[in-house]
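Notes follow once the structure below has been shown.
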Amino acid sequence: MDLAVHDLKLHKGRFIATVIGVGLLFTIVLAMNGLYRGNIHEGLAVIKATNPDLWVVERQRGGPFNETSTMPEFYHYSVKAIPGVEQASPFIFYTVERQVGGQSRHFSIIGYDVFDGLGGPQKIHAGRSIARAHYEMVAHEKLGVKLGDQVPLGLHTYTVVGLTREAISPDGEPLVYLSLPDAQEVLFQRDNEEIRNQRGRRFGGAPGTQRFGQNHHAALRQPDFGAHQRQDRLRRRDHPPTKRLGRR
């Protein structure tokens, strides 16, 4: 023991460097373990929150979260009719970037059947679940909203009725729950400004204006008449024939 203490005194700098190196090594190992466990947790958070037994997607698609899968809305009735299926409901998931509280925020939207469907929030930290078919939302606390806040999405404004902490999107962004019709409207319906700009690009004019081309007038053109026929038509227009009344 005395020899070890004596060696440390002689090589104090080497001992300190060794301690720092070993400490950094343990720090890196712990950080890598934390990153790995965090990625696994974020990647499985939505799946564990929805907790289905089976996902039904389009053929040759990568899954409900890795790739877009578009299916008829009424298809879940066919799935529910299969023997052994207890419950089936439509589900929509996509990522958007919108202005929330004056800042550009990146988050994911989940649309589900708010009355008897799967996929909704399981644990509400504050407030309540969605009770109406339109214009209500439940958001994760990471979004930075409070109960009663008004969040514009698309052409409408949605009221925050509940806050949750249970799940986040696979990329670590907060989740927003909407009713299925509202989520579809936010995804597919364009706002008025975009429609005006698209019309301006389509017809070659400024945004908000319409300019029709020659093909729109083609149906209004009359067949070409000869010179005599045109003069006869003009004469009849300027001097219409008169009717004479008389007795036989």
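Does segment 23-66 hold any residues that are acidic (Asp, Glu) and in a loop (DSSP other than H, G, I, E, B), and which are they? Within segment 23-66, Asp53, Glu58 meet the criteria.
With respect to being of a type in the set (Val, Ile, Thr), part of a loop (DSSP other than H, G, I, E, B) and without any contact (Cβ under 8 Å) to a residue 24 or more places away in the chain, Thr157 falls outside the description.
Among all positions in segment 58-74, there is no residue which is touching a residue at least 60 places away in the same chain (Cβ under 8 Å), within 30 Å of Leu155 (Cβ to Cβ) and in contact with a Ser or Thr (Cβ under 7 Å, 6 or more places away or on another chain). The selection criterion, being touching a residue at least 40 places away in the same chain (Cβ under 8 Å), of a type outside the set (Asp, Glu), buried (at least 16 other Cβ atoms within 10 Å of the Cβ) and farther than 20 Å from Leu44 by Cα, does not hold for Tyr112. Of note, Ile82 satisfies the criterion of being farther than 17 Å from Gly119 by Cα, of a type outside the set (S, T, N, Q) and either touching a residue at least 24 places away in the same chain (Cβ under 8 Å) or not in a helix (DSSP H, G or I) (or both). Across segment 155-181, the qualifying residues are those that are of a type in the set (Gly, Ala, Ser) and either touching a Leu at 6+ places or on another chain (Cβ under 7 Å) or not assigned by TED's automatic domain parsing to the domain that holds Phe115 (or both), and the one among them that is nearest to Ala131 (Cα to Cα) is Ala167.
For segment 118-161, the tally of residues that are farther than 21 Å from Gly43 by Cα and either surrounded by fewer than 20 Cβ atoms within 10 Å (Cβ to Cβ) or aliphatic (A, V, I, L, M) (or both) stands at 29.
Only one of the numbered conditions (1) touching a helix residue (DSSP H, G or I) at 6+ places or on another chain (Cβ under 8 Å); (2) more than 14 Å from Gly120 (Cβ to Cβ) is violated by Thr159, and that is (1). Restricting Ser104, Ser108, Ser89 to those that are among the hydroxyl-bearing types (Ser, Thr, Tyr) and in a loop (DSSP other than H, G, I, E, B) reduces the list to Ser89.
If you check Val138, Val145 for being under 30 Å from Tyr36 (Cα atoms), assigned to a loop (DSSP other than H, G, I, E, B) and either in contact with a Gly (Cβ under 8 Å, 6 or more places away or on another chain) or assigned by TED's automatic domain parsing to the domain that holds Asn39 (or both), only one passes: Val145.
The values are calculated or read from the model by the stated rules, or taken from the named source; none is laboratory data. None of these values were measured; they are calculated from a predicted model. FYI the Cβ positions are ideal-geometry reconstructions off the backbone, even for glycines, and counts take in every protein chain you see.
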